[in-house]
Amino acid sequence: MAFLHHTFIQDFLCLLNLFSHAPFSFFCVCCLNDLSFFQHTLEELVMMDSMKRGTETRTEAKQQQKQECATTFLNEGILMLLSGWHALQMAVNNQWGGSDSIQKSHHLASHLFSSLSKSYAPVPVEDLENLLHECMLLTFNTEIEDGSIEQVAEQLVGIHEEYLLRQSSLHI
């Protein structure tokens, strides 16, 4: 029985080090002579830790889910916008960028996603206009003069702003 008592005390002291933030730690140390109290307190500590970890795990899971939703929103928004951009689709369908025009359009979407997902501040519309104009000119040998580059850039800014709002809600 002395060995069992000693083992409980060692376990308790180890847990006490782990749970030094527990408000009743000092009280527990003062009452170590009472084995039944010690066992009860040890169970309370384990239960408190389990509850704390469960709360943290649920909170982390919710944060992760919100992060994934924001990222999915950004990715799908870019893909939907580009798939509906008539000038880009015409360039892809007519292979103005060569036989790998589809891959080039996917690369554009990937580049936009990568750039926008790493930016935690609003992106100037002019930067996106320049990127789109350069891509269409150099990648698809196409000069777009119908105003659609400006429209797509503005819509990308809107998608990115919504993404930033969703990101900021993660930290509230």
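Starting from the Cα of Gln103, step 7 Å along the direction of its Cβ; do the same at Glu60; then give the gap between the two resulting points in nm.
4.0
Return the Cα extents of the stretch 54-133 along principal axes one, two and three, sorted largest first, each rounded to a whole Å.
Computed over the Cα atoms, the extents are 55, 26, 17 Å.
Once every Cα of the stretch 77-172 carries one equal point scatterer and solvent is ignored, give the base-10 log of I(q)/I(0) from the Debye formula at q = 0.16, 0.20, 0.24 Å⁻¹, two decimals.
-0.64, -0.94, -1.28
Computed from the coordinates by the stated procedures, all read-outs in this text should not be read as laboratory data. Quick caveat, the model's predicted, so the values are computed rather than measured. Because the Cβ atoms are built from the backbone with ideal geometry, glycine has one as well, and the counts that use them run over all protein chains shown.
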